[in-house]
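Report on the structure given below.
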Amino acid sequence: MHALPADTLPKLATLDEGIHFGHGTFEGELSFVYTGAAGAYPHMGRDLALALPDLVDSFASRAASVREAAGWVYTDDPTFESTPMDKLWGASYLAQLHTELTRKALGLRPTAAIGYCSGETNSLFALDAWDDLDGFRRDVSESRVYDRELCGELLCLRSAWHLDEGTPAEWSTWRIRAKSTDVEAALENEPRVHLVIVNALHDVVIAGDPAGCARVGAAFGRKAQRTPGYDFIMHCQEAREFESRWRALHTRPTKDVPGVRFYTHSTLSSYAPTTQTAADALTGQAMNRVNFPALVERAYADGIRIFIEHGPHAGCTKWISDTLGDREHLAIALDRYGHSSLFQ
C-alpha cells in the first residue's frame with residue numbers, strides 16, 4: 001500500500017471524516033479481522049444492504065437460511081430483545097456481507113484472517129475454507145447448544161456444578177475496564193467466576209455465578225458493567241462439559257485456502273485449515289480464555305500491518321489500536337455503532 005504524494009494533499013483536503021493522509025510507503029500484509037457475536041445490534045449494516053442489494057443477493061444465494069435468521073437486524077420494534085442465537089446469526093450475516101464487499105466489490109486479497117471468538121468460525125466461511133453455512137446453522141440448531149446446553153437451560157452448568165433439580169442454573173457476564181492482573185486478583189476467592197476474555201490492556205470480560213460476578217464488579221465500581229443479552233458459557237472450564245460435541249459440530253469438510261493463514265486463540269498462532277486443524281482451533285479457542293492482544297501481537301510480529309474488521313460494532317479495531325499503540329499499522333472497521341454513513 002502506498003500513500004499519496006504530499007503535494008496532492010491540499011487538493012484533497014475536503015475528503016470526508018474518517019479519511020486520513022500520510023506520506024511515504026506503507027509496508028506490511030493485509031488481514032481480515034472477524035469480530036464476535038456479542039456486539040450485534042438492530043439496524044447494523046442496513047445502509048450497506050440498501051445501497052448495495054446485490055451483495056445481499058450474492059450472500060443469500062449460498063446461505064439463505066442464515067439471511068432469514070438475521071432478519072431481526074432490520075426490526076423497528078423497540079421492545080425486541082435479541083437472544084445469543086439471534087446475535088450469532090446476525091453477526092455472521094454482517095461479517096459475510098462485509099466480505100462480499102471487500103473481496104468481490106473492492107477486490108481486496110488478504111494474506112491472513114484473525115477471528116475473535118465466533119469470528120474464527122466466520123473467517124473459515126468467509127474465505128472459502130468452509131462452504132455450507134446453512135448446513136452449519138442447521139447442525140448448531142439441532143445440537144441445542146444455544147437453548148439447552150451453553151445457554152438457555154444451561155444443562156452444561158448443571159453438570160459441571162452438580163446442581164440438583166431444585167437449584168436454578170444461572171450465569172452472567174460482566175465487562176471490566178481494568179488490567180487483567182487486577183481482575184484475576186479480585187477473582188481469587190470466587191471459584192465460580194472466571195476471566196474469560198482479554199480484549200485489551202484495560203478491558204476484560206468475566207463470567208460465571210451472578211452473585212460472584214456482582215461482588216467482583218462492585219470492587220471495580222464504575223469500571224465494571226453487567227453485559228446482559230449474551231450470557232453464554234464459553235472460554236472457561238464449565239464449557240468443557242460440551243467439548244466433544246463442540247468438536248463434532250466443527251469437524252467439517254475443509255478446503256485449502258492458498259496464500260491465507262488463519263490465526264487462532266487456541267495456540268496464539270496461525271494454521272493452514274484442514275478438517276482436523278480447523279476443529280482443533282475452534283474447539284481450543286472455545287474451551288479456553290481468549291487473549292486478543294496476544295494474538296494481535298503475534299500477527300504483528302508475523303508482518304501484518306493492515307487490519308480490516310468485518311462484522312458489527314468496531315470493537316476489534318479499537319482493541320488493535322490500543323494494543324499496537326504508536327507502532328505503524330492501519331486498523332479499519334466496516335461498521336460502527338451509532339453511525340449512519342455507509343462506509344466507516
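For region 297-323, name all the residues that are assigned to a helix (DSSP H, G or I), touching a strand residue (DSSP E or B) at 6+ places or on another chain (Cβ under 8 Å) and more than 15 Å from GLY36 (Cα to Cα). Steps first, answer last, please.
Quick first cut of region 297-323, residues assigned to a helix (DSSP H, G or I) only: 297-301, 315-323.
In the following step, the residues that additionally are touching a strand residue (DSSP E or B) at 6+ places or on another chain (Cβ under 8 Å) were identified as 298-299, 315-323.
Answer for region 297-323, where residues must be assigned to a helix (DSSP H, G or I), touching a strand residue (DSSP E or B) at 6+ places or on another chain (Cβ under 8 Å) and more than 15 Å from GLY36 (Cα to Cα): ARG298, ALA299, SER321, ASP322, THR323.
Just give me the residues in region 212-246 being part of a helix (DSSP H, G or I), of a type outside the set (A, V, I, L, M) and within 19 Å of the chain's Cα centre (by Cα), in sequence order.
Of the residues in region 212-246, the ones part of a helix (DSSP H, G or I) are 212-223, 237-246.
From the residues that got through so far, the ones that are of a type outside the set (A, V, I, L, M) too are 212-213, 215, 217, 220-223, 237-238, 240-246.
If the condition is that a residue be part of a helix (DSSP H, G or I), of a type outside the set (A, V, I, L, M) and within 19 Å of the chain's Cα centre (by Cα), then TRP246 is the only one that fits.
Applying the condition of being within 19 Å of TYR41 (Cα to Cα) and of a type in the set (D, E, K, R) to region 62-75 and asking which residue is least open to solvent (accessible area, probe 1.4 Å) yields ARG67.
Is it true that THR181 is open to solvent by less than 50 Å² (accessible area, probe 1.4 Å) and among the β-branched types (Val, Ile, Thr)? Break it down into steps so the answer makes sense when it comes.
Numbers: open to solvent by less than 50 Å² (accessible area, probe 1.4 Å): no; among the β-branched types (Val, Ile, Thr): yes.
No, not satisfied.
The residues of region 187-241 that are more than 21 Å from CYS151 (Cα to Cα), exposed (fewer than 15 other Cβ atoms within 10 Å of the Cβ) and of a type in the set (Gly, Ala, Ser), listed by number, are ALA218, GLY221. Any residue at all in region 47-61 that is open to solvent by 20 Å² or more (accessible area, probe 1.4 Å), closer than 30 Å to ASP231 by Cβ and among the polar types (S, T, N, Q)? No, every residue in region 47-61 fails to be open to solvent by 20 Å² or more (accessible area, probe 1.4 Å), closer than 30 Å to ASP231 by Cβ and among the polar types (S, T, N, Q).
Residues that are more than 30 Å from ALA299 (Cβ to Cβ) number at least 3 in the following helices (runs of 4 or more DSSP H) confined to region 93-164: 133-143, 155-161.
Of the residues THR277, THR267, THR254, the single one that is open to solvent by 70 Å² or more (accessible area, probe 1.4 Å), hydroxyl-bearing (Ser, Thr, Tyr) and closer than 20 Å to GLY119 by Cβ is THR267.
Taking each residue of region 232-258 that is touching a residue at least 40 places away in the same chain (Cβ under 8 Å) and among the aromatic types (Phe, Trp, Tyr) and looking for partners that are in a helix (DSSP H, G or I) and open to solvent by less than 70 Å² (accessible area, probe 1.4 Å) with beta-carbon atoms closer than 6 Å, six or more apart or interchain, yields PHE232/PRO84; PHE242/GLU149; PHE242/CYS156; TRP246/THR283; TRP246/ALA286.
Residues in region 322-334 include none that are open to solvent by 30 Å² or more (accessible area, probe 1.4 Å), over 18 Å from ALA126 (Cβ atoms) and either modelled with pLDDT under 95 or among the polar types (S, T, N, Q) (or both).
Does any residue in region 48-77 that is within 15 Å of LYS104 (Cα to Cα) and modelled with pLDDT under 95 come within less than 8 Å, Cβ to Cβ, of a residue that is open to solvent by 60 Å² or more (accessible area, probe 1.4 Å) and in a loop (DSSP other than H, G, I, E, B) six or more places away or on a different chain, and which pairs are these? Final answer for the pair search is ARG62/ASP131.
Which of the residues belonging to region 128-151 are open to solvent by less than 10 Å² (accessible area, probe 1.4 Å) and closer than 19 Å to ALA278 by Cα? ALA129, TRP130, LEU133, GLY135, VAL140 - these are the residues of region 128-151 that are open to solvent by less than 10 Å² (accessible area, probe 1.4 Å) and closer than 19 Å to ALA278 by Cα. Of all residue pairs spaced 6 or more apart or on separate chains, those with beta-carbon atoms under 8 Å, a first member in region 190-210 that is assigned to a helix (DSSP H, G or I) and a second member that is at pLDDT 95 or above are PRO210/GLU170; PRO210/TRP171; PRO210/SER172. Screening GLY303, GLY284 for residues that are small (Gly, Ala, Ser), at pLDDT 95 or above, farther than 25 Å from ARG138 by Cα and surrounded by fewer than 21 Cβ atoms within 10 Å (Cβ to Cβ) leaves exactly one candidate, GLY303.
Tell me, yes or no, whether region 85-96 has at least one residue that is at positive phi, at pLDDT 95 or above and surrounded by fewer than 24 Cβ atoms within 10 Å (Cβ to Cβ). Full working, then the answer.
Step one: filter region 85-96 for residues at positive phi, giving none.
No: zero hits.
Is region 316-327 home to any residue that is touching a helix residue (DSSP H, G or I) at 6+ places or on another chain (Cβ under 6 Å) and over 17 Å from ASN199 (Cα atoms)? Looking through region 316-327, none of the residues is touching a helix residue (DSSP H, G or I) at 6+ places or on another chain (Cβ under 6 Å) and over 17 Å from ASN199 (Cα atoms).
The values are calculated or read from the model by the stated rules, or taken from the named source; none is laboratory data. Remember, predicted model here, so these are calculated numbers, not experimental data. Here the Cβ is made from the backbone with ideal geometry for all residues, glycine too, and neighbour counts use every protein chain on show. Ligands, DNA and RNA are excluded from the accessible area calculation, which covers all protein heavy atoms including side chains. Shrake-Rupley method; radii C 1.70, N 1.55, O 1.52, S 1.80 Å.
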